[in-house]
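Please treat every number below as a calculation from the coordinates, not as lab data. Bear in mind the structure is a predicted one, so any value in this text is a computation, not a measurement. Note that we place each Cβ from the backbone using ideal geometry, even for glycine, and neighbour counts take in every protein chain shown.
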Amino acid sequence: MARLPLHGSVIVPDWHETVEGKEYLACILRKNRRREFGLLERPVLPPSVVIDTASYKIFVSGKSGVGKTALVAKLAGLEVPVVHHETTGPLISPYTSIKTIFSWRGPTLPGLPRTAEGDFISQSLRILPGIQTTVVFWPAKLKASGRVVMFRFEFWDCGESALKKFDHILPACKEKADAFLFLFSFTDRASFEDLPGQLSRVAGEAPGVVKIVIGSKFDQYMHTDVPERDLTAFRQAWELPLFRVKSVPGRRLADGRTLDGRAGLADTAHVLNGLAEQLWHQDQVAAGLLPSSPENAPG
């Protein structure tokens, strides 16, 4: 089994703050706002810029209310929900092509007829039951080669009630997944104690998939139910990377309403870089380009 890379050994950690990094970040921003991308959309770069794209499917797992949807919204530069609502399915943007969203060849979804070509016909639906997908792009610079790679993360988020109600939801989320994010809340002790069960249930039969633990609502750490000694014991027992994220709404632009895209990227860069680092390293090990021996393990 591949050992975890040292932090900063694969991805240049603060490259996004350099002049070069900010030029690449401009392609995922519009007037300092984050751009939203559909399933088949991608950032537009100048013709002179040649960049490879590495795409990954990421399933977000955790108890209801721990902040799964809020985490994905924060990573995508969207508004963080202030009130918890059970995730029911993907919100369809009004400008997104229906053919793009509903080019689905799986089982027929309730109430959604097909065309003769097999594509679903829109009936002004804005929500599909069960799974919500969000695409996030993140440029990062590889430390070894100095090459810039555009990482494309496709996050799959699903409400706990849908997972319990429909047997096909969890297999669909896990199918061909490259990484699992396991969330707990610093204000919910039970969600932390549920992590071993989550790991066994979701990742038990997927040894080659990257596994990352994220503690949400770190902004409420003064009221935490999960002390640092418990986190240290968990890391020692499971040997998994662990990130902390805040769940507060992001900073605003001068108008007081619009989210500041650059500030949001700065707040979430440690998670996006961590994801890129773990996934790229795993790919290199799987391809035989890196050894999976203990030399790569953190000290």
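For the pair S9 and D225, what calculated FRET efficiency results from E = 1/(1 + (r/R0)^6), where r is the Cβ-Cβ distance and R0 = 35 Å, to the nearest 0.05?
About 0.60, to the nearest 0.05.
Of K176/K211; K143/K176; K63/K174, which pairs sit farther than 25 Å apart, going by alpha carbon to alpha carbon?
K143/K176
Give, as a single signed number, the net charge of other residues whose beta carbon lies under 15 Å from the beta carbon of P196, with Lys and Arg counted +1 and Asp and Glu -1.
Combined, the nearby Lys, Arg, Asp and Glu give +1.
Multiply the residue gap between V44 and W238 by 0.36 nm, knock off their C-alpha separation, and tell me the result in nm, one decimal place.
Separation in residues times 0.36 nm, less the Cα-Cα distance, equals 65.8 nm.
Using a 7 Å offset from the Cα along the Cα-to-Cβ direction at both E175 and L289, what is the distance between the two label points in nm, to one decimal?
My value for the distance between the label points is 2.9 nm.
Do any trypsin sites (Lys or Arg not before Pro) in segment 201-299 lie in a loop, going by DSSP, with at most 16 other beta-carbon atoms within 10 Å of their beta carbon, and if so which?
Filter output for segment 201-299: R251, R257.
So if R0 is 41 Å, what FRET efficiency would R33 and H168 give, r being the distance between their Cβ atoms, rounded to the nearest 0.05?
0.65
Give me the net charge for the shell around A276: Cβ to Cβ below 15 angstrom, other residues only, Lys and Arg +1, Asp and Glu -1.
Result for the local shell: -1.
Loop-only chymotrypsin sites (Phe, Trp or Tyr not before Pro) in segment 201-260, please: DSSP not H, G, I, E or B, and at most 16 other Cβ atoms within 10 Å.
none
Could you work out how far the C-alpha centroid of segment 195-255 sits from that of segment 1-77, in angstrom?
What the calculation gives is 19 Å, centre to centre.
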